[in-house]
Amino acid sequence: MPVKVLIPSGAGSPGFGGILECLKELDGIQVFAGDMNPNSYGKFLADGFFEVPPPEDPHYLESVIQNAVKFGCNVILPITTRELPILSAADKVLAEKGIAIVISPPGAMDKANNKGRMYCFLHQCRLPCVNFDIVNSKVAFFEAVKRLQKNGKKIVMKPAVGNGSRGFRIIVPEEEIRSIYFQNKAGAVETTMSALHAELPDQFPGEIVVSDYLPGIEYSVDLLADRGKVLVSTIRVREKTVSGISVKGTFVEDAEIEKQCRILTDNLDLHGPLGMQFKRDEDGVAKLLEINPRLQGAVSTCRFAGVNYPVLAVKLAIGDELNIPESRPRGAFHRYWKDIQA
């Protein structure tokens, strides 16, 4: 049976092009994609395209299923965060339609997709964790910052449930902002307490996690899991990022990070392709920043380490033989823009 994959949304995301290139290494595959933007660049790369409503729309799942059936797709491969809970809960409905999906179960998704719950879970597992607080109002936010901020330390704020770098800020002292103001590019994440006093609403639209800023090396880990068991993993240092996506990095080995990944994957019963991000604190201890229970935006770079995660995810979904390669953590990578004609 020919493999036809539907990527239900994210055809305009930075990672789509690389993921598509990975999938095209599987002979005979066809890839269809959706996005809320009817002119997303992925429309001109995929074998078929459809405009999808936002995941919060009550007709989202209906649209995904209708288009999967229309294109004759037998696999759904999600690559964006907001759709994950809906698709995870619909795995049996999809199976009845003859459509496989490789995704973590709802219970695992509830924790992995929510940074606040995830940090609480780290304490339960006795794994390293940042100092943090969870708030939903301006008053509670500034109280949390006051508790956590010591000796002018930087503080991080980010939505408990978020997509990409939206809502992520690093709170720095006023004098530091003045010294870097003309060096920062548009969209810089550094801000100050006084700026937030002016910008933040009294009530937040969702929970915000306030935590320590970790000054050390940052890592992304790409993994493939089968019902809580890590089948293969690849660790890369995030040396440069654009809009939260790695554009320069180096593949490395790290036994302690691998151990944390195995413990979390097992205890959460994670399934399918996923990513975890870590950063080191002042003492060099690697602490989890977040879990992405889906393919990450820079997962295509892992081909340089010998692992094609999108293809492995599809094979896992359809029950095909995996032939798990050994990850070769050697070398570095760069990413760059490509041009297409619309």
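Please treat every number below as a calculation from the coordinates, not as lab data. Just so it is clear, the structure is predicted and the values come from calculations on it, not from any experiment. A quick note on method: Cβ atoms are made from the backbone with ideal geometry, for glycine too, and the neighbour counts reach across all protein chains shown.
Counting only DSSP beta bridges whose two residues both lie in the chain, roughly 75 percent are antiparallel. A Cβ-based charge dipole, computed about the Cα centre of the chain with Lys and Arg at +1 and Asp and Glu at -1, lands at about 420 debye. Of the residues P201, S300, L270, the one whose Cα sits farthest towards the positive end of the charge dipole of the range 175-320 is S300 (charges of +1 on Lys and Arg Cβ, -1 on Asp and Glu Cβ, taken about the Cα centre). The magnitude of the dipole of the range 4-101, with charges of +1 and -1 set on the Cβ of Lys/Arg and Asp/Glu and taken from the Cα centre, is near 120 debye.
Only the Cβ atoms of Lys and Arg (+1) and of Asp and Glu (-1) were treated as charged; on that basis the dipole of the range 131-212 about its Cα centre amounts to roughly 160 debye.
Compute the convex hull volume of the Cα atoms of the range 131-212, divide it by the residue count, and report the result per residue in Å³ as a whole number.
94
Of the Cα atoms belonging to the range 184-342, the radius of gyration and Dmax stand at 17.8, 57 Å. Relative to its residue count, the chain spans a Cα convex hull of 146 Å³ per residue.
Cα-based values for the range 4-101, radius of gyration first and Dmax second, are 12.2, 36 Å. Taking a ≥ b ≥ c as the square roots of the eigenvalues of the Cα gyration tensor, the range 234-299 is classed as oblate, since a/c reaches at least 1.5 and a/b does not exceed b/c.
For the chain, what is the mean residue ellipticity at 222 nm derived from helices alone (per DSSP H run of n ≥ 4: -39500 (n - 2.57); sum divided by total residues; nearest 500 deg cm²/dmol)?
After summing the helix terms and dividing by the residues of the chain, the value is -8000 deg cm²/dmol.
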